[in-house]
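The values are calculated or read from the model by the stated rules, or taken from the named source; none is laboratory data. Remember, predicted model here, so these are calculated numbers, not experimental data. Positions of Cβ are generated from backbone atoms using ideal geometry, with glycine treated the same way; all protein chains shown enter the neighbour counts. Heads up: the accessible areas ignore ligands, DNA and RNA and are worked out on the full protein's heavy atoms, side chains in. Shrake-Rupley method; radii C 1.70, N 1.55, O 1.52, S 1.80 Å.
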Amino acid sequence: MSHDASVACDKAMCAALAAHGFPSRRLALIKPGAPYPSRAQVVVETPIVRYQFGARGSVDLASPVLVRFGHGDAAISVRVVAPQGAAAYQQELKADVRQRRGEGAGLLTNSHVSVSAAARRALLAGRADVRLIVVLTAIASVHPIDILRFGTDFPGTSPGVPLRMAELALDDRAAHMSEADYVRFLLTLLDAEPDGYRPLIAGPARAAGSRVFQITFAAPSPLKLLG
């Protein structure tokens, strides 16, 4: 999760997040009996939070889940805050998907871009996070790329939440570079991206027994980034 995001949490969870290095200034304490923190972008929905707001209807718990831990009544979910309600959020998400479909289709027309069948489907369906589309377009403007897949490794993610991770082939011979030089090129270009388009994680990784170059952006995915 992005350290720039404002996170609403109960007292115990806020303390735990701060202890693990999350900036205290970005934590919005959910106080018993108090209104929901309106500036929060993400809420950590613990059993305490569900009990406090579920009956009062102060938090729209139909908002999308980024990740879920545990099961049943003890489960903890990290959710996108939908300040205008889940219905309004879903309308914004649908509009964003339409824009991402167009941008994804445009990326596929680039002669420097090779894609797997699964990656092609994700782009045409508007599933890829717009930040991924933007940086992949920037990379492909300089050297060829082979997009293996888009995805997320988090359990419980709601359907329709943008895929914030992409895997590229490390052995892209069309780039006419050694693996070390190719990785160096990718890291240099991604590091030069402006704020908002710099990945949370970027570098070689192992997936399904193969080495890949993985690019992951922090949650939550911004909407209306394309206007």
Does GLU193 satisfy being charged (D, E, K, R) and in a strand (DSSP E or B)? no
Quick test of your reading of the structure: THR188 fulfils all but one of (1) touching a residue at least 60 places away in the same chain (Cβ under 8 Å); (2) part of a helix (DSSP H, G or I). Name the failing condition by number. (1)
Considering only residues that are small (Gly, Ala, Ser) and part of a helix (DSSP H, G or I), which ones fall in the range 123-162? ALA138, ALA140
Note on the range 96-127: residues in contact (Cβ under 8 Å) with a residue 24 or more places away in the chain and among the hydrophobic types (A, V, I, L, M, F, W, C) are VAL97, LEU107, VAL113, VAL115, ALA118, ALA119, ALA122, LEU123, ALA125
If we ask which residues in the range 196-226 are more than 20 Å from THR137 (Cβ to Cβ) and either open to solvent by 70 Å² or more (accessible area, probe 1.4 Å) or in a loop (DSSP other than H, G, I, E, B) (or both), their number turns out to be 6
Looking for whichever is at pLDDT below 85 and buried (at least 19 other Cβ atoms within 10 Å of the Cβ) here; the options are SER63, SER77. Which one fits? SER63
Looking at (1) part of a helix (DSSP H, G or I); (2) closer than 21 Å to LEU200 by Cβ; (3) touching a residue at least 40 places away in the same chain (Cβ under 8 Å), can you tell me which one ALA174 breaks? (2)
